[in-house]
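For reference, the structure is listed below as structure tokens.
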Amino acid sequence: MYRRYHLQASLAPDIAAVPSRFRVHVKKRGLASLIIKELIQYRGNQAVVMSRPCVYGVFSGPVGGFAPREHLCVGCLRCTTQYPEFVQIYPNPERKRLGDSYFTPDYVETLHYEARTGRVPVKGAGYRGRFGGEGWNGMWTDMSEIVRPTRDGIHGREFISTAVDIGPKLPFLSFDEQGRLKGQVPTALSLPIPMLFDAPPASVLSEKLAKVLAAAAQEAETLAILPISTVKKFGLSGEAIVPLVAAGDADAVKGLTFEPRMIELDGWNEDLHRQVQARFPKSIVCLRLDRLSQEEVVRSNRAGIRVFHLSLNYHGRGKSGQFALDVIRDAHTAFVEAGCRDEVTLLGSGGIVAAEHVPKAIIRGLDAVSLDTAVLVALQAQFVGDCTDRHSSQFQLPTKLDVNWGVQRAQNLLSSWRDQLLEVMGAMGLREVRRMRGEIGRAMFQVDLEREAFSGIEGYGS
Ligand code: SF4
């Protein structure tokens, strides 16, 4: 039976206070004289007088502009343009404590909106940011209507599939004379969205957080990777749970009371792999690595591994310092050169902190992304210093964290990011996310375009 996939987004207001973007400084004497003047002009109409000069309600509280409601300020600067002598708008220095040097306050703010509402952030005044830059910002998706017509996916008038298959696949199908499929079709998982939840760092991994990730993954029909010790400690089970096992976890694997659909090995360990396969022969085994070289691909292929998880640090960098765009491409190319790209699945995590990073990572070669810091930010976690390393980073979750609230926030995040993925695919004329993987010809890179335009010109590249 066909069933249309749907993620139920609903309002989940912030539970921790978020610093406003702007500080509104008002000189009380100047404001008082304006109010007196306008009380006369508007014949005592208090509603009008107390709302001036801001249409966003900053000056409309019980005592008007004498206690401005800074959280409503959008920074339009109308007030300070009209009354520079007594209103000044400043960026709020407290906002800098949101996120860290990579997950900047702008990303955090956007993500809070997405997790709060489940909606696509639309500014209405057009894009005001930079058109290029470092990392993900140096890559653009090709939305040319001339190349391919757009497709209307987000409003449901045209179907765009976001489903991905995780697991071993056949390179091709072959049939006997009666038209029957020859050989066995390997088991793969089909997820309706190319997004999973990654294992959180130990510093923040509590029972509540584990339950939020497990329940949100179950609800969204996706997967949550969690350390096997956490799975056992909190008695978690179900289709959505992917136990993460490392050397020394062999006993924990033996004692697991349910058969996971997938198990992730934290680094290659032949003995552990054998033990996992012996205990759960039907489970898909995924190998988590920080880089994938040609030799690694050949060795893993021989060992029968068909699912890989490329794990970068939280700032999207691999061990050698390369950024995600290059590390992912290298891994994808290693599979292509080994002639097995269509038979394996490549997951990736690290540095994916905005909705647009998902299609970009997929275009570079991932099949699906595993979300790490993005989910923590959706749950209003605070960064303690710069959080780069998966093992040592420190986050603080709100003390009032509630499981139901957390599940809704995580679901809202997935819903918003899926809608944005549909927007991108629709604009690119793609009808399924599986076809987007590795489609490098549908993207443009700032370095390439600049080279084409400026190479040979004196001063270029200096
Ligand atoms: S900057 Fe705009 S939104 Fe902020 S207080 Fe002034 S008028 Fe209101």
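Structure values in brief
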| read-out | value |
| --- | --- |
| Helix axis angle, 28-41 relative to the chain longest principal axis, alpha carbon, degrees | 70 degrees |
| Label-point separation, Asp326 to Asp165 (7 Å along Cα→Cβ), nm | 3.4 nm |
| Label-point gap, in nm, between Arg78 and Ser10 - each point 7 angstrom along Cα→Cβ | 3.5 nm |
| Acute angle (nearest 10 degrees) that the helix 324-337 long axis makes with the longest principal axis of the chain, alpha-carbon atoms | 20 degrees |
| Debye intensity ratio I(q)/I(0), log10, the range 338-403, q values 0.25 Å⁻¹ (C-alpha model) | -1.09 |
| Cα gyration tensor category, rounded, prolate or oblate, for the range 197-282 with a/c compared to 1.5 | prolate |
| Cβ-defined net charge surrounding Gln184, 15 Å radius [Lys, Arg +1; Asp, Glu -1] | +3 |
| Overall Cα dimensions of the range 306-419, principal axis frame, Å, largest first | 51, 30, 23 |
| Pairs from Lys254/Lys319; Lys232/Lys319; Lys232/Lys282; Lys211/Lys254; Lys169/Lys254; Lys96/Lys123 whose Cα-Cα separation, in the structure shown, is over 26 Å | Lys254/Lys319; Lys232/Lys319; Lys169/Lys254 |
| Length released on extending from Thr399 to His71, taking residue separation times 0.36 nm less the Cα-Cα span | 115.9 nm |
| Alpha-carbon Rg with Dmax, taken over the chain, Å | 25.6, 95 |
| Centre separation in Å (Cα based) which lies between the range 59-103 and the range 325-397 | 35 Å |
| Vicinal HN-Hα couplings computed from phi for the range 416-426 (Karplus, 6.51 cos²θ - 1.76 cosθ + 1.60; Hz; Gly/Pro x) | 5, 5, 5, 4, 6, 5, 5, 4, 5, 5, x |
| Over the range 45-146 - Rg/Rh using Cα atoms and the Kirkwood inverse-distance radius | 1.07 |
| Rg/Rg_ref, the range 234-293, where Rg_ref = 2.2 N^0.38 Å and atoms are Cα | 1.07 |
| The chain: calculated mean residue ellipticity at 222 nm from DSSP helix runs of at least 4, using -39500 (n - 2.57) | -9500 deg cm²/dmol |
| Surface/4 estimate of mean projected area, convex hull on alpha-carbon atoms of the range 180-328, nm² | 10.7 nm² |
| The chain: angle of helix 105-117 to the longest principal axis, Cα-based, in degrees nearest 10 | 80 degrees |
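No lab work stands behind these numbers, since they all come straight from the coordinates. Remember, predicted model here, so these are calculated numbers, not experimental data. Virtual Cβ from ideal backbone geometry, glycine too; neighbours counted across all protein chains shown.
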